[in-house]
Amino acid sequence: MEEMEEAARYDHLVSLAISQGLPIPPRPGPITIDNIREEPRIEDDVHEAYCAPCGHSFDKACLEDMFSRATHDESLYPPKCCQQRISISSVRHLLSSSIASSFDKKASEYETRDRVYCHMPRCSAFLGAGTSEPIFLDCRVCPPGSATCGMCKAGAHPGRKCSATQELNQLATDMHQQQGWQRCYSCGHLVDKTDGCYHITCVCRAQFCYLCAAQWKTCTCLLFYVPPED
């Protein structure tokens, strides 16, 4: 039956070639296992693609790169295309488990307004949200005894109030107003810029503009100060 269908198809090609003045195509040889070529499975590539809310498509590699970058640069969070957010729930099946897990952790940090980070300068691990009382938050990275106060964000101070730290915070606030220091929009730390551009990366890894304190890439301030010509 297959041979008859193949012969009919060949006769049709011959008739079409003669009518158009083209060379007669060669007769196809017998079909064997050796000359069967497996065609690529297009449907696999289709299932690996994602259509963003704006209509643009992304493959698996592009999505993983996008979400991986967002875990290291808060200015790229949340991942967007054409200013429309791409939710993790819509692409989780296309991301590796490690990238999805890292993104979930950073998303929890990014979504926290009043953040507390480990007070140890070489750590600065995210501990959670600030507290209205002096509750001590343990750091899973640092050795035992390196807890941070959730209220004043300094080292844990059992048996003592946060009053001394609050006085220092008030002093820092005064310096902020008098000396032009800028406060990180994310964690509240004060930053004193001595030189360089206005692009500031805080210890909490948030990036902001030193001039207006807005999240980086969301304002129209100049990158550098250019002194006027004499």
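The values are calculated or read from the model by the stated rules, or taken from the named source; none is laboratory data. Computed from a prediction, not measured in an experiment: that's the story for all the values here. In this analysis, Cβ positions are derived from the backbone assuming ideal geometry, glycine residues included, and neighbour counts consider all displayed protein chains. Accessible surface areas use protein heavy atoms only, side chains included; no ligands, DNA or RNA. Shrake-Rupley method; radii C 1.70, N 1.55, O 1.52, S 1.80 Å.
Quick look at the numbers
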| item | result |
| --- | --- |
| Filter result (assigned to a strand (DSSP E or B) and open to solvent by less than 40 Å² (accessible area, probe 1.4 Å)) within segment 51-68 | F58 |
| Every residue from segment 86-117 that is among the β-branched types (V, I, T), part of a helix (DSSP H, G or I) and surrounded by 18 or more Cβ atoms within 10 Å (Cβ to Cβ) | V91, I99 |
| Complete set of residues in segment 129-161 that are open to solvent by 70 Å² or more (accessible area, probe 1.4 Å), farther than 26 Å from Y77 by Cβ and in contact (Cβ under 8 Å) with a residue 12 or more places away in the chain | S132, E133, I135, F136, M151, P158, K161 |
| Selection status of Q178, closer than 26 Å to Q207 by Cα and at pLDDT 65 or above | yes |
| Identity of the residue in segment 118-128, at pLDDT 90 or above and within 21 Å of the chain's Cα centre (by Cα), that ends up surrounded by the most Cβ atoms within 10 Å (Cβ to Cβ) | L127 |
